[in-house]
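Everything below concerns the one structure shown next.
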Amino acid sequence: MARVHIPKPWNIPEREVTPEADFINRRRFLTGIAGAGLSIAGASLLGCESNSESKTPTKSDANFTNFESFERNPNFAKVDRPLTDEALAAKYNNFYEFGGTKSIWKKAQALPTENWKVEVSGMVQNPRTYDLDDIGKKFPLEERVYRFRCVEAWAMVVPWTGFPMRLLIEDVQPASAAKFVRFTTYYNRKITKGPFWPPASRLPWPYTEGLRIDEMANELAFFAVGIYGHALPKQHGAPIREVVPWKYGFKGAKSIVKIEFIDKQPATFWNTLQPTEYDFEANVNPNKPHPRWSQATERMIGPGRASSWERRPTLLYNGYAEYVKHLYA
Ligand code: MTE
């Protein structure tokens with residue numbers, strides 16, 4: 001039987017990581033495939049997306065009201081580079097449930113965040129279902145400025161509000177046999193419709209991610225419920241998402257509905273789709289190229305076209321080696 005090569009959605013990032021000339025060549029190549037009758041419909045695949053500074057939705061309707069009162073943790077007060085402009089970060093997102101482009105912020109407003117619940121189950125002594133009120137009351141919220149690095153080689157610096165994952169571990173008391181945690185995110189086919197190419201039905205929904213328990217217990221591992229001093233807007237993963245700043249951004253599942261403590265490494269969304277390109281560990285590493293591009297440098301989100309954004313060297317563990325290198329000795 002003849003094998004038809006169906007391009008995958010993870011081809012899309014090449015426009016950011018590829019030198020312009022190569023990108024144009026590849027674009028011609030892809031256009032050629034489309035002309036030959038294979039289905040390439042993703043508009044973003046055929047054009048470089050820019051990041052305009054026009055008005056963006058940066059606020060959320062999630063029901064935390066007193067974000068101003070959450071103090072910045074002095075240990076994570078700033079990093080070696082300026083904060084990313086809030087409106088730019090809010091318009092350049094990955095949220096495949098709503099589409100395969102960077103400009104999904106409008107479509108993501110369809111995410112229903114009312115009466116949100118997060119079920120914590122599996123190998124724990126105290127299984128719980130938290131609502132947002134429980135989370136606000138039970139866990140002391142704080143602000144942390146973290147570097148963020150996407151596997152596609154774009155980066156940003158943002159202030160998250162939330163709480164260390166360690167506090168949730170203490171609350172639910174995992175059994176000693178629990179070695180991993182799986183995060184499952186919101187999925188409802190009537191609402192989360194994207195991407196249209198390849199048909200969303202072929203992807204391993206819901207979006208899931210996972211960590212080892214010792215990674216989850218690390219001081220840096222964080223659940224964010226806010227960003228830039230207010231509740232998370234939907235496109236950033238309202239009302240609650242993971243933030244693991246020493247790993248590539250795809251490890252940070254958005255809009256979490258379930259957290260399970262388990263004894264085996266879980267199957268996760270990107271790792272299931274393409275294990276050679278998206279490994280489970282996914283630690284930021286300038287010396288380990290992605291199979292299709294270098295990870296030696298990164299581009300800081302800015303105005304205009306991605307090709308004009310400031311380029312910086314990538315840091316091992318995204319600059320957090322002192323906190324995490326012992327985990328991988
Ligand atoms: N979580 C869900 N549920 N769906 C997604 O598509 N994309 C991941 C991660 N979490 C994703 C997700 C990827 S690839 C990245 S880089 C970050 O979210 C982007 O986060 P941001 O849009 O808030 O910058």
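Where a number appears in this text, it was derived from the coordinates with a stated rule and is not lab data. Treat the numbers as computed from the prediction; the structure is a model and nothing was measured. Cβ placement follows ideal geometry from the backbone for every residue including glycine, while neighbour counts extend to all protein chains displayed.
When only alpha carbons are used to place a centre, the stretch 79-107 and the stretch 245-309 end up 15 Å from one another.
Each principal axis of the Cα cloud of the stretch 104-217 was evaluated for its coordinate range; sorted largest first, these ranges are 42, 31, 28 Å.
Close amide H contacts of residue 257 (hydrogens built in the peptide plane, cut-off under 5 Å, sequence separation of 5 or more or a different chain): 184, 185, 186.
Measuring nothing but how far apart in sequence close Cα pairs (under 8 Å, 6+ apart) lie, relative to its length, the stretch 72-174 scores a relative contact order of 29 percent. Taking a Cβ cut-off of under 9 Å around residue 252, the surrounding Lys, Arg, Asp and Glu residues balance to a net charge of +2, with basic ones at +1 and acidic ones at -1. Rounded to the nearest Hz, the phi-derived 3J(HN,Hα) couplings of the stretch 281-295 under the Karplus curve 6.51 cos²θ - 1.76 cosθ + 1.60 (θ = phi - 60°) are 6, 6, 7, 5, 8, x, 8, 10, x, 5, x, 10, 6, 6, 10, where x marks glycine and proline. Sorting the segments 237-244, 291-298, 174-181 by their mean number of nearby beta carbons within 10 angstrom, highest to lowest, gives 237-244, 174-181, 291-298. Couplings 3J(HN,Hα) for the stretch 164-169, derived from phi with the Karplus relation 6.51 cos²θ - 1.76 cosθ + 1.60 (θ = phi - 60°), are x, 4, 3, 5, 5, 4 Hz, where x marks Gly and Pro. Other residues with beta-carbon under 12 Å from the beta-carbon of residue 147 carry, at +1 per Lys or Arg and -1 per Asp or Glu, a net charge of +4. Using the Cβ-Cβ distance between residue 131 and residue 83 with R0 set to 41 Å, the FRET efficiency works out to roughly 0.85.
Scalar couplings 3J(HN,Hα) for the stretch 199-206, obtained by applying the Karplus form with A = 6.51, B = -1.76, C = 1.60 to θ = phi - 60°, are x, 4, 5, 8, 9, x, 5, x Hz; x denotes Gly and Pro. What FRET efficiency, computed as 1/(1 + (r/R0)^6) with R0 = 30 Å and r the Cβ-Cβ distance, is obtained for residue 110 and residue 272, rounded to the nearest 0.05? E(calc), rounded to 0.05, equals 0.75.
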